[in-house]
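Taking it in order: structure first as C-alpha cells, then the write-up.
The values are calculated or read from the model by the stated rules, or taken from the named source; none is laboratory data. This one's a predicted model, so the numbers in the text were calculated from it and none came from an experiment. Ideal geometry is used to build each Cβ from the backbone, glycine not excepted, and the neighbour counts take in all protein chains shown.
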Amino acid sequence: GEKADTDLNFYQQVYFHKVGTPDTADTYSIGKDFPRIAEVKLDASHDGKYVLATVANGDGGDFAHYLLGPDGNWKQLTKFEDQIKAAKLGRNNALYLLSRAGAPRGKILRMPLENPGLAAAATIVPPSDAVIRFVEPTGNSLYVGDLLGGPTQIRRFDLDGKNGTTIPIPPVSAVSEMESLDDNSLLFRDVSYTEPAAWFHVVDPAKPPVKTALVNTSPVSFADIEVTREFATSKDGTKIPLNIVRKKGTKQDGNNPTILYGYGGYGISLSPSFDFTAKLWYDRGGVFVVANIRGGGEFGEEWHKAGNLTKKQTVFDDFAAAAQYLAQQKWTRSERLALIGGSNGGLLMGALITQHPELMRAVVSFVGIYDMLRVELAPNGAFNVTEFGTVKDPEQFKALY
C-alpha cells in the first residue's frame, strides 16, 4: 500500500525494468522485507548469470547479501549480524566475501555460487595485522587492498588464497579503487599527500605496476613538501596516529599556523589525499595534520567500535590529545591552531569547542550535527542511529545527552 509521507525516503525496494518498455510495466523483485532504513546496491556477474544485492542497514556498516541466480529466485546469503562487510562476484562461479566475524581486521572467504550460503564458504585469506579494505578477483588472481593505519598496501593471491605476494605501491599513499579487466589484469587508483591521484596497471604481478596516462595533474610541484607519522597518547593511553604535512625544513618552534583535521566515525578511514591548493598553505609556513582517531576504520572494526554509540566520548578525547600533542612537540601552540571537520567531523568540532575551548583559536565546522537528541527525527538522521545510538535506548540516550 501507499506509505506515509514520513516514510517516503525509506523502504527501498528493487524492481525489474526491461529496456524499451514503460516504467509502468516494471515488476517487483525484492525488498519488501528489508528494514525501513535499508539502502540497496546491485552488481552483476561477469557472465550476466547472477545478480548480487548488497543491503546496508542504514549507515552503520552492517550489510546483508542476496543472490539472484539463473533460476530467477533470490536467496539470502548473509544476514546483518554475520559481519560480512563486502562481497565481489568472481569469474570462477565463486563469491568472495570480506568477513569480520571473529576477525576484526578482516579475512577473505570464498563461497561457491552453485551452492551459495555461509555454511559452504571457506576462509582463503586469514586475518593478519593489516586491515582488509578491498577484495577484487580477476580471472586468475585475487587482489586484496589493506589498510595500515591510514596508508595502504595491495596483496595478490591465487584464486584459492595461496602464493600471496605484495604489489609495490608508492609509500604513505592510499589505494581508493581497484578494478579487474577482461585480460585478467588489474587497475588501481593511488593518491598521496604529495602526489595527485593516478591509475596504475598491474599486468604481471611479478613486475612493478605501470603508471597509466589516467593521471590527475598538479599545476605546482610538491617536491619540497614532506610527510611524517607521529603518535599522540589519548586519555586512556591509546596511541593515535597523526599525519603531519609541511614544507621541508619547517621548525618546531611553536609558531607554525596549523590546521588539525578529524572525523572519527562510521568506520571511515582518513587515508592520504591530495589537494594542490594546500601548497599555498605550506608555502606560507602552514602545517596540516590529519588525526586517525577512533571511530574510524584505520585499525579495523575494533577501532571503529571503540568510538561509536555510547563510546563517542573516546573520539573527542583522541582529538583533544592530538591538539595537545602538537603543542607539546612545538609544531604549533593553541593560539596558532585551527580545527576543521564536517558531518560527523562537524559533531567532533562542536564537542571540542564545548569541552576544550582552550586548545584552539579557530574552528571550522560544516554540515555538522549538534542536537543529538533530535537528529533521528530528521529524514536523514534516522539512518545514523546505528552509529550514534537512539534516544529510545536509556544508555544511548545518556551518551547522546
Criterion: surrounded by fewer than 18 Cβ atoms within 10 Å (Cβ to Cβ) and outside the structural domain of PRO171 (by TED's automatic domain parsing) - qualifying residue of GLU335, GLU301: GLU335
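Looking at the structure I just gave you, is PHE16 modelled with pLDDT of 95 or more, of a type in the set (Phe, Trp, Tyr) and loosely packed, with under 15 Cβ neighbours inside 10 Å?
Numbers: modelled with pLDDT of 95 or more: yes; of a type in the set (Phe, Trp, Tyr): yes; loosely packed, with under 15 Cβ neighbours inside 10 Å: yes.
The answer is yes for PHE16.
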So ALA338, is it assigned to a helix (DSSP H, G or I) and either over 27 Å from the mean Cα position of the chain (by Cα) or of a type in the set (Gly, Ala, Ser) (or both): no
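Just give me the residues in region 32-49 being assigned to a loop (DSSP other than H, G, I, E, B), small (Gly, Ala, Ser) and touching a residue at least 24 places away in the same chain (Cβ under 8 Å), in sequence order.
If we filter region 32-49 for residues that are assigned to a loop (DSSP other than H, G, I, E, B), which is where we start, we get 32-37, 45-49.
Next cut, small (Gly, Ala, Ser) only: 45, 48.
SER45 - this is the single residue of region 32-49 that is assigned to a loop (DSSP other than H, G, I, E, B), small (Gly, Ala, Ser) and touching a residue at least 24 places away in the same chain (Cβ under 8 Å).
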Among the candidates SER176, SER128, single out the residue that is surrounded by fewer than 18 Cβ atoms within 10 Å (Cβ to Cβ) and more than 18 Å from the chain's Cα centre (by Cα). SER128
Can you give me the number of residues within region 206-264 that are over 25 Å from the mean Cα position of the chain (by Cα) and of a type in the set (Phe, Trp, Tyr)? 1
Every residue in region 353-378 that is part of a loop (DSSP other than H, G, I, E, B), exposed (fewer than 12 other Cβ atoms within 10 Å of the Cβ) and out of contact with any helix residue (DSSP H, G or I) (no Cβ under 8 Å at 6 or more places or on another chain), please. ASP371
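Please find, among THR123, THR152, the residue that is buried (at least 21 other Cβ atoms within 10 Å of the Cβ) and polar (S, T, N, Q).
Details: THR123 fails: buried (at least 21 other Cβ atoms within 10 Å of the Cβ).
Within the list THR123, THR152, the selection yields THR152.
Quick check on this structure: which one of LYS207, LYS211, LYS235 is touching a Phe, Trp or Tyr at 6+ places or on another chain (Cβ under 6 Å) and surrounded by fewer than 20 Cβ atoms within 10 Å (Cβ to Cβ)?
LYS211
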Kindly indicate which of GLY368, GLY381, GLY345, GLY341 is out of contact with any strand residue (DSSP E or B) (no Cβ under 6 Å at 6 or more places or on another chain) and without any contact (Cβ under 8 Å) to a residue 24 or more places away in the chain. GLY381
Give the residues of region 341-352 that are modelled with pLDDT of 95 or more and not in a helix (DSSP H, G or I), sorted by residue number. GLY341, GLY342
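Please verify whether ARG105 is touching a residue at least 60 places away in the same chain (Cβ under 8 Å) and under 26 Å from PRO35 (Cα atoms), treating the condition exactly as stated.
On the way: touching a residue at least 60 places away in the same chain (Cβ under 8 Å): yes; under 26 Å from PRO35 (Cα atoms): no.
No.
Any residue in region 127-143 that is on the phi > 0 side of the Ramachandran plot, outside any strand (DSSP E or B) and not assigned by TED's automatic domain parsing to the domain that holds VAL290?
To start, the set of residues in region 127-143 that are on the phi > 0 side of the Ramachandran plot comprises none.
No, there is no match, as no residue in region 127-143 is on the phi > 0 side of the Ramachandran plot, outside any strand (DSSP E or B) and not assigned by TED's automatic domain parsing to the domain that holds VAL290.
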Tell me whether region 65-83 contains one or more residues that are touching a helix residue (DSSP H, G or I) at 6+ places or on another chain (Cβ under 7 Å), under 24 Å from LEU159 (Cβ atoms) and outside any strand (DSSP E or B). yes
